[in-house]
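Everything on this sheet refers to the single structure shown next.
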Amino acid sequence: MKFFVDTADVDAIRELNDLGMVDGVTTNPSLILKSGRDIIEVTKEICGIVSGPVSAEVVALTADEMIAEGRKLAEIAPNIAVKVPLTWDGLKTCKVLSGEGHMVNVTLCFSANQALLAAKAGATFISPFIGRLDDINLDGLDLIADIRTIYDNYGFETQILAASIRTANHVTQCALIGADVMTAPPSVIKALAGHVLTDKGLDQFMKDWAKTGQKIL
Ligand code: G3P
């Protein structure tokens with residue numbers, strides 16, 4: 001499963017990328033706001049750090065305007081994936097931009113039928129939001145499993161990009177289900193390294209090592 005990092009924080013991206021943990025980046029208008037930076041400028045910087053797909057989201061609501069914005073975003077770098085919302089106009093935009101050879105990430109997906117439409121419109125990535133479904137007492141992971149089954153039934157090549165990941169368990173379950181990609185904030189990716197028994201074991205090793213009175217260096 002590929003790891004995308006869900007942030008526009010270039011320092012965090014650089015740190016994870018240096019460790020080989022970043023196969024791509026996803027951003028959205030809320031993350032651009034959080035970065036406090038200009039969308040074109042920060043996206044260009046991210047594309048210079050990461051060689052994989054970098055999603056940059058359009059903000060228009062009509063297809064004609066989304067297509068124009070998408071073309072402008074795609075000019076930033078060859079690894080831009082234009083992110084469009086799962087609306088009828090977003091699907092029209094997906095069809096046009098993917099037909100022009102651009103990568104397209106269709107976002108804000110909350111149902112299997114929406115994912116089916118995105119695949120038929122030529123999406124490179126579909127972004128089902130797990131955490132936000134969990135927030136309203138639905139099971140976001142069920143949606144990932146349903147989309148996996150449907151795409152496999154018909155051989156759709158659209159990649160399932162599990163988004164709105166909030167927990168380590170979301171990551172494990174997405175990998176077990178067979179999501180192609182997961183995108184998570186840097187804090188969630190870092191938390192994957194943690195385990196209470198690792199901490200406990202290391203603590204014991206340090207105590208025993210101190211008793212040996214030895215040094216390695
Ligand atoms: O990239 C969009 C998605 O990952 C948002 O996550 O936590 O704001 O629902 P969240």
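See the values below:
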item	result
Nearest-0.05 FRET efficiency for K72 and D142, computed from C-beta distance (R0 45 Å)	0.75
Trypsin sites (Lys or Arg not before Pro) restricted to DSSP loop in the range 1-74 with at most 10 other C-beta within 10 Å	none
Phi-based couplings in Hz for the range 175-185 (Karplus 6.51, -1.76, 1.60; Gly and Pro marked x)	5, 5, 5, x, 4, 6, 9, 10, 10, 9, x
Sequence-distant lysines (8 or more away, or on other chains) whose Cα lies within less than 27 Å of K120	K2, K72, K83, K92, K95
Full-stretch length increase - L19, K120 - with 0.36 nm per residue and alpha-carbon distance subtracted	32.8 nm
Cβ-derived FRET efficiency at R0 41 Å, K44 paired with L217, nearest 0.05	0.45
The range 133-216, relative contact order in percent, only Cα pairs under 8 angstrom and at least six apart counted	24
Two-site label geometry, T198 and N169: point separation in nm, points 7 Å out along Cα→Cβ	1.9
D_trans [Stokes-Einstein, Kirkwood Rh over alpha-carbon pairs] for the chain, 25 °C, 0.890 mPa s, µm² s⁻¹	134
Spherically averaged projected area in nm², based on the convex hull that wraps the Cα atoms of the range 62-168	7.0
Rounded FRET efficiency, nearest 0.05, which uses the C-beta distance separating K2 from T149 and R0 of 30 Å	0.90
With every protein chain in place, the chain: carbon and sulfur % of accessible area (1.4 Å)	56
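The values are calculated or read from the model by the stated rules, or taken from the named source; none is laboratory data. For clarity, every value in this text was computed on a predicted model and none was experimentally measured. Neighbour counts are summed over all protein chains in view; Cβ atoms, including those assigned to glycine, are modelled from backbone coordinates with ideal geometry. For accessibility, only protein heavy atoms count, side chains too; no ligands or nucleic acids. Shrake-Rupley method; radii C 1.70, N 1.55, O 1.52, S 1.80 Å.
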